[in-house]
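For reference, the structure discussed in these notes is given below.
What follows draws every value from the coordinates through simple rules; no lab data is involved. None of these values were measured; they are calculated from a predicted model. Glycine gets a Cβ as well: all are built from the backbone with ideal geometry, and neighbour counts include every protein chain shown.
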Ligand code: SF4
């Protein structure tokens, strides 16, 4: 058995760690790229959302390296994600790929059920204790990855030489992917903290000293905001425009809430979002629509300068959230921009919109008019 899975941002590091800890052979699909998307788009229904197209592209690329089993999480509610596993299996079968698809579901279901599926993949040679240890270690790694991402969010607008910051991030990710000890994980986080501290106090990419960068909260569909290829590198781009970003969902926050059912909080728990959204969207609408609204309210209350919602074309939960966000914008006088991505989205168009939004936030006139 050779297991593969959706690449999705840094999630591959966590999934690879989980299975390699259990001696399961893994094929990590190449990083999402134009090629991945083209391959997936060719097989997908036109109206399918972007993550499905990228997933299919991942599986095709992994198949050429011998993968024969797909692992994907399941989902519930009014969103297509719950059908992904079966739909992808059928599309691949029709295209001549005989993949076995194992859905690790349901999120919000029993932890034992999840462990049983993992044991099915790992084989009975792995004891329950070993499986639980592997799950714990993978979770710790995902918290560390999120912590490092957040450090990089804060570092981008503050450190000189943006290229060095990106190199530091890349090196940290690779170090985390390779280490198989808790000590190694902790040392990597410490190394990133120290490297950033050593370089602080310079000037930004425009040659200006920055004391207090603009702060923008990114909200939206989970796959898109976790995967830089899908969001056309929005976080990196904003960082280089002198903006500190934060986002509504981090991988371990999602895992802590949906997989470990709150037993572990993950990095930036998403638990409070339903309460924050209550006055605007008091019920579940599928995907992370409610979290998007709740996070927007939270960012606004915390004094962020602006909010950007990102989601794939035709994503139903985010369309519902987008219809509610203008009320949040009016109530808190905070500019909110919505960006919709699909296979036709280009770097230049995205950059122009981000630059225009940052200009808007920098203009005190806006504050006077809306204040
Ligand atoms: S949340 Fe949106 S993009 Fe994600 S699977 Fe559901 S409909 Fe598609």
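Points worth noting:
- Helix 84-94 axis, angle to the chain major axis (alpha carbon atoms, nearest 10°): 60 degrees
- Backbone N within the range 72-94 under 11 Å of label point (7 Å from residue 316 Cα along the Cβ vector): 77-83
- Candidates 36, 292, 272, ranked by Gaussian network fluctuation over the chain, Cα under 10 Å, top entry: 272
- Rounded if a/c under 1.5, otherwise prolate or oblate - the range 40-180, Cα gyration tensor axes: oblate
- Global form of the chain, assessed from the alpha-carbon gyration tensor, a/c cut-off 1.5: prolate
- Calculated FRET efficiency for the pair residue 359/residue 111, C-beta based, R₀ 35 Å, to 0.05: 0.15
- Projecting label points 7 angstrom from Cα along Cα→Cβ for residue 120 and residue 274 puts them 2.7 nm apart.
- GNM top mover of 248, 110, 230 - the chain, alpha-carbon springs below 10 Å: 110
- GNM result for the chain, Cα springs below 10 Å: residue of 353, 147, 173 fluctuating most strongly: 353
- The chain, helix-only ellipticity at 222 nm - DSSP H runs n ≥ 4, -39,500 (n - 2.57), divided by all residues, nearest 500: -16500 deg cm²/dmol
- The angle separating the long axis of helix 316-332 from the principal Cα axis of greatest extent in the chain is about 30 degrees.
- The chain: angle of helix 182-199 to the longest principal axis, Cα-based, in degrees nearest 10: 20 degrees
- Summary of packing: across the peptides 217-227, 47-57, 335-345, the per-residue average of other C-beta atoms within 10 Å ranks them, highest first, as 217-227, 47-57, 335-345.
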